[in-house]
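Undergrad: Below is one structure. I have some questions about it.
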Amino acid sequence: MDNTDPLDGYDDLNESEQYILEQELLNRAFTNSFNLITKRKKMKDIVEESGGLLLSHDPFSDLFPNDLINMLDFFIEEEDYEKCAEVRDYINDLKRKHARKQKEDTTKELSEVLNNIIRGAKSRKKRNS
């Protein structure tokens with residue numbers, strides 16, 4: 001397992017070598033995130049294979065469609081259209097999931113407001129009786 005920092009010696013590289021390293025790191029980050037999100041690999045497997053965990057997303061936060069746009073753009077640029085299709089489908093699934101949750105949250109909030117109005121009306125009616 002290689003535990004070295006991939007950016008060690010970065011400043012000693014010429015501009016062309018820095019660009020190549022940056023592209024390699026981007027590829028690794030997007031590929032690792034893709035494999036993690038699609039459940040092709042677990043974090044443990046990625047760490048064991050590469051000696052670290054370089055990702056393009058935060059695996060400990062909820063994933064939103066906009067989080068995956070850069071990944072989609074990267075795979076388009078790489079002309080890896082099979083991954084593009086999977087990322088696109090995943091984005092669409094996330095959009096549906098978040099829209100459904102937003103609708104549920106709105107419905108719950110509206111229900112609470114209506115219940116408070118009804119309780120208030122009942123309370124006023126009892127006081128006036």
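The values are calculated or read from the model by the stated rules, or taken from the named source; none is laboratory data. This structure is a prediction, so every number in the text was calculated from the model and none was measured. Here the Cβ positions follow ideal geometry from the backbone for every residue, glycine too, while neighbour counts run over all protein chains shown.
Undergrad: Looking at Leu26, Leu21, Leu7, which is the one that is without any contact (Cβ under 8 Å) to a residue 24 or more places away in the chain and part of a helix (DSSP H, G or I)? Break it down into steps so the answer makes sense when it comes.
TA: Details: Leu26 fails: without any contact (Cβ under 8 Å) to a residue 24 or more places away in the chain; Leu7 fails: part of a helix (DSSP H, G or I).
Sole residue among the options that is without any contact (Cβ under 8 Å) to a residue 24 or more places away in the chain and part of a helix (DSSP H, G or I): Leu21.
Undergrad: Could you grab me the full set of residues in segment 30-58 that are at pLDDT 90 or above and in contact with a Ser or Thr (Cβ under 8 Å, 6 or more places away or on another chain)?
TA: Result: Phe30, Asn32, Ser33, Leu55, Ser56, His57.
Undergrad: Cβ contacts < 9 Å: first residue exposed (fewer than 12 other Cβ atoms within 10 Å of the Cβ), restricted to segment 54-73; second residue β-branched (Val, Ile, Thr), any location; separation 6+ or different chain. Result?
TA: Sorted first by the residue in segment 54-73, then by its partner, the pairs are Asn66/Ile91.
Undergrad: Here's something else I'd like to know. Of all residues in segment 74-95, count the ones that are among the aromatic types (Phe, Trp, Tyr) and either loosely packed, with under 15 Cβ neighbours inside 10 Å or free of Cβ contacts under 8 Å to residues at least 24 places away in the same chain (or both).
TA: Going through segment 74-95 one residue at a time, the tally reaches 1.
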